[in-house]
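Here the structure is laid out as structure tokens; the discussion comes afterwards.
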Amino acid sequence: MTHLENVVLCRESQVSTLQALFGERHHFSFPSIFIYGHTASGKTYVTQTLLKTLELPHVFVNCVECFTLRLLLEQILNKLNHLSSSEDGYSTEITCETFNDFVHLFKQVTKAENLKDQTVYIVLDKAECLRDMEANLLPGFLRLQELADRNVTVIFLSEIVWEKFRPNTGCFEPFVLYFPDYSIGNLQKILSHDHPPEYSADFYAAYINILLGVFYTVCRDLKELRHLAVLNFPKYCEPVVKGEASERDTRKLWRNIEPHLKKAMQTVYLREISSSQWEKLQKDDTDLGQLKGLSAHTHVELPYYSKFILIAAYLASYNPARTDKRFFLKHHGKIKKTNFLKKHEKTSNHLLGPKPFPLDRLLAILYSIVDSRVAPTANIFSQITSLVTLQLLTLVGHDDQLDGPKYKCTVSLDFIRAISRTVNFDIIKYLYDFL
């Protein structure tokens, strides 16, 4: 248990509760346990570490990966089958389509000698995905111990509360365990535990203290803070490596790292640049704003098709309508630029500003630039409305116009280029001004 305390930090209360629930290997444990808390609060790590350290038979399944009922049930059964047949060295793939079949197959798999007299644990990570599957799945897992008449415990890991799961028809209530967010003291202890062997623990703890002083107000995600700590530590050590300061000269070390932490504040939670790009940026002492489209202020997270809708809107706003055939029709033949250039068109469309376009033209461009066929569903139209709400598009004219709504795209060229890069679309090739 001493080893467990050294590996799992600041979660002593939750570990002792889970150990009490698990009991002895041959005891019947609680049928279902629901563990919830915010992201990066240690739910998955604590559960996995505890089960591995105690060497309890368990299967771990991510519900995001197993997005259909069949995938989920087969993944559980095949992992259990692998556990039971590990001594023989071979196992056959099991197929299962319904929860009723799952219960029968589960009984057969758990008849193995190494699983018969001890509790089997099924851990379902990202359990909120179960709410979108068949209605009988969640109640079935909650009382699997009763249905299968086996010593089994199902552990649900989720970021949302149990009240959001409970079916209207009622179900067996699990044991609910809450993982609170880490306090600043907890984060200090956990992050300081990762100190590199070539530096003293006190030196790394001082660095973590500086890092949390800057980032704790805007970010309390342990994974993100750990990433930032690893990324910026070489810059913090730079004066010590060069011999310009000692490990105890905190004032000089702070002055060296402060501007770089301010730059890092712009990319918290955003993976706009890789770690190698960030390190190169620090070596070159380049201003982050000089990298076009990489600042947090010029980028916004959008759904996949919303990005293409915005790209299509930008093309419709800044390309003349008569050039659509040249850009978006596959078999348009050879059309020279001189054939559709008018003498008075010497001014760039980007200098004149965005022009309004009808909805039909937007959808036509969208269908031609997206590789897969997109049906004109309500989802697409709702995403257009969302872009208007975000003020990335502007609705021109009145809602009661008989000829349909018209829109303008209000984003800048740098912004749309940043969005295009995220979907591997070269927008410059489709802009009339850049021919």
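The values are calculated or read from the model by the stated rules, or taken from the named source; none is laboratory data. Small disclaimer: the values here were computed from a predicted structure and weren't measured. Counting neighbours? That spans all protein chains shown, and the Cβs are built from the backbone with ideal geometry, glycine included. These area figures cover heavy atoms from the full protein model, side chains too; ligands, DNA and RNA do not enter into them. Shrake-Rupley method; radii C 1.70, N 1.55, O 1.52, S 1.80 Å.
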Open item on the list: Give me the extension gain from residue 160 to residue 386: residue separation times 0.36 nm, minus the current Cα-Cα distance, reported in nm with one decimal.
Closed with: 78.8 nm
Task: Largest-first ordering by accessible area, 1.4 Å probe, given options 324, 194 - done: 194, 324
Task: Residue pairs, from the table 43/111; 189/263; 408/429; 223/307; 43/126, whose Cα atoms sit over 19 Å apart - done: 43/111; 189/263; 408/429; 223/307
Task: region 129-270 - percent of accessible surface contributed by carbon and sulfur, probe 1.4 Å - done: 51
Task: Sequence-separation-based contact order of region 1-178, relative, with Cα cut under 8 Å and 6+ spacing, percent - done: 34
Task: Projected label distance in nm at residue 28 and residue 7, using a 7 Å step from Cα toward the beta-carbon - done: 3.0
- [ ] For region 1-178, build the charge dipole from Cβ charges (+1 Lys, Arg; -1 Asp, Glu) around the Cα centre, then report which of 44, 162, 71 sits farthest towards its positive end.
- [x] 162
- [ ] For residue 428 and residue 252, calculate 0.36 nm times their separation in residues minus their Cα-Cα distance, and state this gained length in nm to one decimal.
- [x] 58.8 nm
Task: Label-zone membership for region 1-34, site residue 53, 7 angstrom Cα→C-beta point, backbone N under 19 Å - done: 1-25
TODO: Give me the distance in nm between label points sitting 7 Å out from Cα along the Cα-to-Cβ direction at residue 377 and residue 67, one decimal.
DONE: 1.2
Open item on the list: Given a Förster distance of 41 Å, report the FRET efficiency between residue 79 and residue 349 from their Cβ-Cβ distance, rounded to the nearest 0.05.
Closed with: 0.10
